[in-house]
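Participant: Handing you this structure, nothing more for now.
The values are calculated or read from the model by the stated rules, or taken from the named source; none is laboratory data. Because the structure is a prediction, the values reported are computed rather than measured. As a convention, Cβ positions derive from the backbone with ideal geometry for all residues, glycine included, and neighbour counts pool all protein chains shown. With ligands, DNA and RNA removed, areas are computed over all heavy atoms of the protein, side chains included. Shrake-Rupley method; radii C 1.70, N 1.55, O 1.52, S 1.80 Å.
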Amino acid sequence: MYNKQPCIEVENHDHQAWRGYSAMIKEVKKTIAAVGKKTVVVAVDLYPGVRVEEIKTKFVDHLGAEKVVFSDEAFFQTAEFVTEKIKVLLTDDRVFGVMSHAHFNNFIDEDKLADAEKSIEAAEGVVVVYGVAATLAVTPDIHIYANMARWEIQQRYRSGEIANWKATNFHEDALKKYKRGFFFEWRMADRYKKKHFEQFDYVIDSNIKNDVKMISGGAFLTGLKQASEQPFRVVPFFDPGVWGGQWMKEVCDLDRNVENFAWCFDCVPEENSLLLKVGETIVEIPSIDVVLRHPIALLGNQVHARFGDEFPIRFDFLDTVGGQNLSLQVHPLTEYIQEHFGMNYTQDESYYMLDTGEEAVVYLGVREGITKEFFFNELQKAQTGVVAFPAEKLVNQFPAKKHDHFLIPAGTVHCSGKDAMVLEISATPFIFTFKLWDWGRLGMDGKPRPIHLEHGAENVQFDRDTKWVENNLVNQVEKVAEGDGWLEERTGLHEREFIETRRHWFDKPVHHDTNGLVNVLNLVEGAQVMVESPENRFAPYVVNYAETFIVPASVGGYTIRPYGESVGKTVATVKAFVRV
């Protein structure tokens, strides 16, 4: 059965987890007393999006502080100042902005900071500074960090529960709130966080309202290190969509009362979470923390040298079984994403078909003889709502069956049709999708989904026509090697894409080696497999059908064999890694 709550059991820290505010307060008060100083400074650092009022009233206010300072008000510039300064980055577009290189220091009000520092220095007893980037004003005796998952932040954006950092936009369009988070505040927050990992005395899981957990900084760091040295899975996140289907409900055992599920973010470390089990307590942290803390062990030297502390490979699910076509779309060319959005690389991708209905198709590339002028004239007319875009006449449709692999280098017009279960294997900048045609429908919020014809016109490659696509992008499968009970095939990706994919069919153990590169795999055929280390470098690891798992570069050699119900049967994995 697909495991929706995979976790890493943290070693040697069994009694370093606390659940609930009462237990947390008792532990922190004990540590305050142990400091043994006349003035004890406690920093309660918050990732943007944490419920500030809850942390204050249920935690900060009970630490026995003589003085309490809220960083957002005490030493940062006003909301109006911040919003005006980042206006050029956010642009007027509903979806796209420009990647920020800012740091929290850039938004300090120096006069206010000086006043805050003086008042803190003059204080006696317990001083608590809480809020975003709290340590910009103090060097704390005790540093507590309230962490949270990106997907939870997005749920709070959607519900109107929270505004962006230094903003009052509680009820603004959720896409615009997400844009500000993605392009601006999360960049700063991660830059700040990774500089302080070793200073955290405690880390708080603040994802569930009124059900917080806390672990020691040591347990947090041990968990991150373990993740960088063994196979692991991030926590999948499922989301409904206007085109969503029914396949994941059954295979992944999801809520049958939800109308549909469109996406599963099964391996997107920037978005997903990681579960750490400390003693009997399971805490949820952003999986990007592993990348930020151990980029070389996780990614490997060559990938780290090229991408820095970014995880460049993404696996996710697109479910249209019993649903509708995805939007017709294109991803930006490398030079376009660099020039317009400040990104280093673009979203090259592919569709691996986990399952299909009898009439499933993939739309891919333009038909022979279609010109840019005609194509975009038809799209412009469709935008008026008077006529529909004749996608079937202008875009190729290729029949899709289980285990087909369609390659989609940036600049190629594409989408999956209905009745398909797609494992999307791609580069990570997933926000950069230029929708060209959305079949005349509204989004889940009742609004038209954003269409970007101007961007699309600069990126669709019209030489990628029927013959070119057939020869370059459809099932480019070639045998690489075979042995007793196994066959290895190369299935892609295209030479314009930096990701290599290999499929292994096997009914006996098959040997893999990371060769110093992070591997991402999915079990695309078979009920279960066992991942093992010939050198006992990690405990045997069970993977179920359709689960995506990461094998860090540091692992080196590993084997995969059929397990459980799959013993004696032929199973298959698809593996992705960066070409170097």
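Participant: Can you spot the aspartates and glutamates whose alpha carbon is less than 16 Å from Lys118's alpha carbon? Ignore those fewer than 8 places along the same chain.
Facilitator: Filter leaves Glu66, Glu73, Asp109, Glu110.
Participant: Given Lys29/Lys67; Lys393/Lys575; Lys4/Lys29; Lys67/Lys213; Lys4/Lys213, which pairs have Cα atoms separated by over 27 Å? Intermediate values should be presented prior to the final figure.
Facilitator: Values: Lys29/Lys67 15 Å; Lys393/Lys575 35 Å; Lys4/Lys29 36 Å; Lys67/Lys213 25 Å; Lys4/Lys213 20 Å.
Result: Lys393/Lys575; Lys4/Lys29 exceed 27 Å.
Participant: Another question, if that's okay. With Cα extents along the principal axes in Å as the read-out, I listed [x] 79, 54, 47; [y] 78, 59, 46; [z] 117, 70, 56; which label goes with the value calculated from this structure?
Facilitator: Among [x] 79, 54, 47; [y] 78, 59, 46; [z] 117, 70, 56, the one derived from this structure is [y].
Participant: With viscosity set to 1.306 mPa s and temperature to 10 °C, compute the Stokes-Einstein D of the stretch 173-293, Rh being the Kirkwood radius across alpha carbon pairs; µm²/s, no decimals. Before the final figure, lay out each step's value.
Facilitator: Details: Rh = 16.3 Å.
Rounded, D is 97 µm²/s.
Participant: Take the alpha-carbon centre of the stretch 263-290, take the same for the stretch 20-66, and report the distance between them in whole Å.
Facilitator: Here the two parts' Cα centres lie 24 Å apart.
Participant: Just flag the GluC sites (Glu not before Pro) in the stretch 477-566 sitting in loop per DSSP whose Cβ has no more than 14 other Cβ atoms within 10 Å. Before the final figure, lay out each step's value.
Facilitator: Working: sites: Glu478, Glu482, Glu488, Glu489, Glu495, Glu497, Glu500, Glu525, Glu532, Glu535, Glu547, Glu565; in loops: Glu495, Glu497, Glu535, Glu547.
Listed in order of number, the matching sites are Glu495, Glu535.
Participant: Also, quick follow-up: Return one whole number: the accessible area per residue of the chain in Å², for a 1.4 Å probe. Let's see the in-between values first.
Facilitator: Numbers: 22730 Å² over 580 residues.
Averaged over the residues of the chain, the accessible area is 39 Å².
Participant: Could I ask something else about it? Evaluate the charge dipole of the chain about its Cα centre and quote only its size in Debye, nearest 20, assuming +1 on the Cβ of each Lys and Arg and -1 on the Cβ of each Asp and Glu. Display every interim value, and only then the final one.
Facilitator: On the way: 63 positive and 85 negative charges, 104 e Å.
So the dipole magnitude of the chain works out to roughly 500 debye.
Participant: Through the Karplus equation 6.51 cos²θ - 1.76 cosθ + 1.60, θ set to phi - 60°, convert the phi angles of the stretch 515-531 into ³J(HN,Hα) values in whole Hz; use x for Gly and Pro.
Facilitator: Coupling constants for the stretch 515-531: 6, x, 10, 4, 10, 10, 10, 9, 7, 8, 8, x, 7, 8, 9, 10, 9 Hz.
Participant: Additional query: Which residue, Val42, Val469, Ile313, has the largest displacement toward the positive end of the dipole of the chain when charges sit on each Cβ (Lys, Arg +1; Asp, Glu -1)?
Facilitator: Val42
Participant: Projecting each Cα onto the charge dipole of the stretch 421-555 (Lys/Arg +1, Asp/Glu -1 at the beta carbon, about the Cα centre), which of Pro429, Thr501, Ala481 comes out farthest on the positive side?
Facilitator: Pro429
Participant: Just give me a number: lysine pairs in the stretch 427-535, eight or more positions apart or cross-chain, with C-alpha atoms less than 28 Å apart. It would help to have the intermediate numbers written out before the result.
Facilitator: Details: Lys435/Lys447; Lys435/Lys467; Lys467/Lys479; Lys479/Lys508.
Close lysine pairs under the 28 Å cut-off: 4.
Participant: Now, a different point. Of all alpha-carbon pairs in the stretch 44-184, indicate the percentage at a distance above 18 angstrom.
Facilitator: Values: 5770 of 9870 pairs.
In whole percent, the share of Cα-Cα pairs in the stretch 44-184 beyond 18 Å is 58.
Participant: Please say if the stretch 296-362 is rounded, prolate or oblate, where rounded means a/c under 1.5 for a ≥ b ≥ c the square roots of the C-alpha gyration tensor eigenvalues, and otherwise the choice is prolate for a/b larger than b/c and oblate otherwise? Numbers along the way, then the final one.
Facilitator: Numbers: a/c = 3.72, a/b = 1.70, b/c = 2.19.
Here the stretch 296-362 falls in the oblate category.
Participant: If you don't mind, another one. What part of the accessible area of the stretch 417-524, given as a whole %, is carbon or sulfur when the probe is 1.4 angstrom? List each step's numbers first, then the result.
Facilitator: Numbers: 1930 of 4360 Å².
Reported share for carbon and sulfur atoms: 44 percent.
Participant: Let me ask something additional. At 222 nm, what helix-only mean residue ellipticity would the chain give, in deg cm²/dmol to the nearest 500, using -39500 (n - 2.57) for each DSSP H run of four or more? Can you show the working numbers first?
Facilitator: Values: 19 runs with 148 residues, N = 580.
Roughly -7000 deg cm²/dmol at 222 nm, from the helical runs in the chain.
Participant: Report the GluC sites (Glu not before Pro) located in the stretch 55-164 that are in a DSSP loop and have at most 16 other Cβ atoms inside 10 Å of their Cβ, or state none.
Facilitator: Working: sites: Glu66, Glu73, Glu80, Glu84, Glu110, Glu117, Glu121, Glu124, Glu152, Glu161; in loops: Glu66, Glu124, Glu161.
Here the sparse-neighbourhood loop sites are Glu66, Glu124, Glu161.
Participant: Would you work out what percent of the accessible area of the stretch 153-253, with all protein chains in place, is carbon or sulfur (probe 1.4 Å)?
Facilitator: Roughly 49 percent of what the probe reaches on the stretch 153-253 is carbon or sulfur.
Participant: Dipole of the stretch 47-110, Cα-centred, from +1 at each Lys and Arg C-beta and -1 at each Asp and Glu C-beta, to the nearest 20 debye? List each step's numbers first, then the result.
Facilitator: Working: 7 positive and 12 negative charges, 46 e Å.
Result for the stretch 47-110 is approximately 220 debye, rounded to the nearest 20.
Participant: If you don't mind, another one. To the nearest 20 debye, what is the magnitude of the charge dipole of the stretch 445-580 about its Cα centre, counting +1 on the Cβ of each Lys and Arg and -1 on the Cβ of each Asp and Glu? Before the final figure, lay out each step's value.
Facilitator: Values: 15 positive and 21 negative charges, 34 e Å.
Its charge dipole is roughly 160 debye.
Participant: Moving on. I need the peptides 194-201, 279-286, 248-255 ranked by packing, meaning the mean over residues of other C-beta atoms within 10 angstrom, with the highest value on top.
Facilitator: Details: 194-201: 15.2, 279-286: 20.0, 248-255: 17.1.
Averaged packing, sorted descending, gives the order 279-286, 248-255, 194-201.
Participant: A further question follows. What list of whole percents do you get for P(r) of the stretch 226-380, with Cα-Cα distances grouped in 5 Å bins up to the one holding the largest distance?
Facilitator: 2, 7, 12, 15, 16, 16, 14, 10, 5, 2, 1, 0, 0
Participant: Name the shape class, rounded, prolate or oblate, that the alpha-carbon gyration tensor gives for the stretch 330-438, where a ≥ b ≥ c are the square roots of its eigenvalues, rounded holds for a/c under 1.5, and otherwise prolate holds if a/b is larger than b/c and oblate otherwise.
Facilitator: Working: a/c = 1.94, a/b = 1.03, b/c = 1.89.
Because a/c hits 1.5 or more and a/b fails to exceed b/c, the stretch 330-438 counts as oblate.
Participant: Right, here's the next one. For the stretch 86-156, what class follows from the C-alpha gyration tensor (a ≥ b ≥ c being the square roots of its eigenvalues): rounded when a/c is under 1.5, otherwise prolate if a/b is larger than b/c, else oblate? Kindly include the intermediate steps, with their values, before the conclusion.
Facilitator: Working: a/c = 3.58, a/b = 1.73, b/c = 2.07.
Taking the square roots of the gyration eigenvalues as a ≥ b ≥ c, the stretch 86-156 is oblate.
Participant: Additional query: Straight-line reach from Lys193: which lysines fall under 16 Å, measuring Cα to Cα and dropping same-chain residues less than 8 apart?
Facilitator: Partners within reach: none.
Participant: Excluding same-chain residues fewer than 8 positions from Lys194, which aspartates and glutamates have a Cα within less than 16 Å of its Cα?
Facilitator: Here the aspartates and glutamates satisfying the reach criterion relative to Lys194 are Asp45, Glu185, Glu270, Asp289, Asp309, Glu310.
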